[in-house]
1. Which residues, counting only those in region 44-61, are in contact (Cβ under 8 Å) with a residue 60 or more places away in the chain, surrounded by 24 or more Cβ atoms within 10 Å (Cβ to Cβ) and within 22 Å of M190 (Cβ to Cβ)?
2. Being open to solvent by 50 Å² or more (accessible area, probe 1.4 Å) and in contact (Cβ under 8 Å) with a residue 40 or more places away in the chain is the filter here, so list the residues in region 190-205 that pass it.
3. Would you please list the contacts, defined by Cβ atoms under 7 Å and residues six or more apart or on different chains, that run from a residue in region 361-381 that is touching a residue at least 12 places away in the same chain (Cβ under 8 Å) to a residue that is open to solvent by 50 Å² or more (accessible area, probe 1.4 Å) and among the hydroxyl-bearing types (S, T, Y)?
4. Does V265 satisfy the condition of being open to solvent by less than 30 Å² (accessible area, probe 1.4 Å), modelled with pLDDT of 85 or more and not in a strand (DSSP E or B)?
5. Under the condition of being of a type in the set (D, E, K, R) and open to solvent by 30 Å² or more (accessible area, probe 1.4 Å), which residue from region 149-185 is nearest to M82 (Cα to Cα)?
6. Pick from F87, F66: which is aromatic (F, W, Y), free of Cβ contacts under 8 Å to residues at least 12 places away in the same chain and in a helix (DSSP H, G or I)?
7. Mind listing just one residue for me: the one in region 206-220 that is modelled with pLDDT of 95 or more and out of contact with any Asp or Glu (no Cβ under 6 Å at 6 or more places or on another chain) and, of those, most open to solvent (accessible area, probe 1.4 Å)?
8. Being of a type in the set (D, E, K, R) and more than 30 Å from P138 (Cβ to Cβ) narrows it down to one residue among D238, D233, D245, D250; which is it?
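The values are calculated or read from the model by the stated rules, or taken from the named source; none is laboratory data. Bear in mind the structure is a predicted one, so any value in this text is a computation, not a measurement. When we count neighbours, we look across all protein chains shown, and the Cβ atoms used for this are built from the backbone with ideal geometry, even at glycine. Accessible surface is based on the protein model in full, side chains and every heavy atom, while ligands, DNA and RNA are left aside. Shrake-Rupley method; radii C 1.70, N 1.55, O 1.52, S 1.80 Å.
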Amino acid sequence: MDAAVAPRIGLALSGGGSRAIAFHLGCLRALKRLGLLDHVAILSTVSGGSVIGAYFHAHHGDFASFEAKIRHLLRQGLVAPMYRKLFSVTGIKVAAAFVVIGLVALAVTLIKMAIKVARWVTPPGLAARFERFEIRSPLHRFASRTTLLEAVFDDLLFKGASLKDLSAQPHLVINATELRTGSAFRFGTMESGSWRWGKIHRNDASVAHAVAASAAYPLFLPAFDETLTFEKDGALKDSRVILTDGGIYDNLGLGCLWPDRSPDVSLNVVPVDTIICCSAGYGLRQDPPGQFIFARMLSVFSAVFDRAQNAAMHRLHEAQRTGQIKAFLFPYLGQQDRQLPKPPADLVRREEAHAYPTDFNAMPEEWIERLGLRGEQLTFCLARSYLPHLVNDPSCAEETLDAD
């Protein structure tokens, strides 16, 4: 490859729990083999993708040792280490938070009920005064199950590292969602924050905290409730933010890679000319019939979720068609096998791998192999077909010469 025309690749690793970690391991293995990882200018990660992506960025050994660590993490899972953390100082803090915040919330509820009763029994002129009262809990949720997850990440992977400790190249962006404003909140080695709140002053968040925020799936893991100091318009201001799973806003992690972003508004703007998005979700879905509200709402959420990802795929095609980017790859777990160019004879079929759940439980070895191999095979086939001029693969060069 000519160094003068070396690509600037934006690599996105989607969410999807341990399923995403295993799938992305195979994708990274293929990209390493093809020589494309050397040209990644920015790595954007979400949820399960943040676990493997942040560790890949922070890891100082070779790829073999990185893969061995990730396989060990998948085999033991994250749930059992979280339970063990309950019997630690962090666990005591979580239990204390549960009791204290629960009691305060109960007190606030009783006060609100008392005010409502007072409005009913007092004269109209006096009752109007009660409308001025807005009672809220004064406490943040200072610890939760997500705090346990953060502690596990720090113990197993990141060893106390902060974003400032990581290498500046490639740029790492760990995507979360800020619920108060409904906006993207991105932790990065360059800068962290949100266009609504500004940049975090000093950018001193820990890697484990950023990854835990990105992976805090709302149904099971509470959002981080914290006050941070932001820089915006030349001033410092403390603001309370509610941070949860990055997949709520953008499960593909493509948000910070779009070529039309402006540094005047957005954070972590890094120009790229090629996008590779590895997705461990997205595919044809057929939920079982559900008549109860939880099942219905889960299907509604999934439909909105799928449509958002479909729109992102369309935007990738448009960006290439209009010349905003030169090329893109989109290896995704649920891809239809018949649409895959030149698949290998031993291809792991979609039906064999697509249905694995998106939790963080321990993963059997056969599933690690199956998901990882499918990620590797899809990425390798697509890269050879759509980026033959960029990959370090002799067979691609031979095919190009034959075509000429």
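1. S44, T45, V46, S47, G49, S50, V51, G53, A54
2. Initially, region 190-205 is screened for residues open to solvent by 50 Å² or more (accessible area, probe 1.4 Å), giving 190, 195-196, 199, 201-202, 204.
Correct list: M190, W195, K199, D204.
3. Correct list of pairs: empty, since none qualify.
4. Considered against the rule, which asks whether it is open to solvent by less than 30 Å² (accessible area, probe 1.4 Å), modelled with pLDDT of 85 or more and not in a strand (DSSP E or B), V265 comes out as no.
5. First, the residues of region 149-185 that are of a type in the set (D, E, K, R): 150, 154-155, 159, 164-165, 178, 180.
When the remaining residues are screened for being open to solvent by 30 Å² or more (accessible area, probe 1.4 Å), the result is 150, 154-155, 159, 164-165, 180.
Working: E150: 9, D154: 12, D155: 11, K159: 16, K164: 26, D165: 25, R180: 27 Å.
Of everything passing the filter in region 149-185, E150 is nearest to M82 (Cα to Cα).
6. Values: F87 fails: in a helix (DSSP H, G or I).
Being aromatic (F, W, Y), free of Cβ contacts under 8 Å to residues at least 12 places away in the same chain and in a helix (DSSP H, G or I) holds for just one of F87, F66, which is F66.
7. Out of the qualifying residues, it is S206.
8. On the way: D238 fails: more than 30 Å from P138 (Cβ to Cβ); D233 fails: more than 30 Å from P138 (Cβ to Cβ); D245 fails: more than 30 Å from P138 (Cβ to Cβ).
Going through D238, D233, D245, D250 in turn, just one is of a type in the set (D, E, K, R) and more than 30 Å from P138 (Cβ to Cβ): D250.
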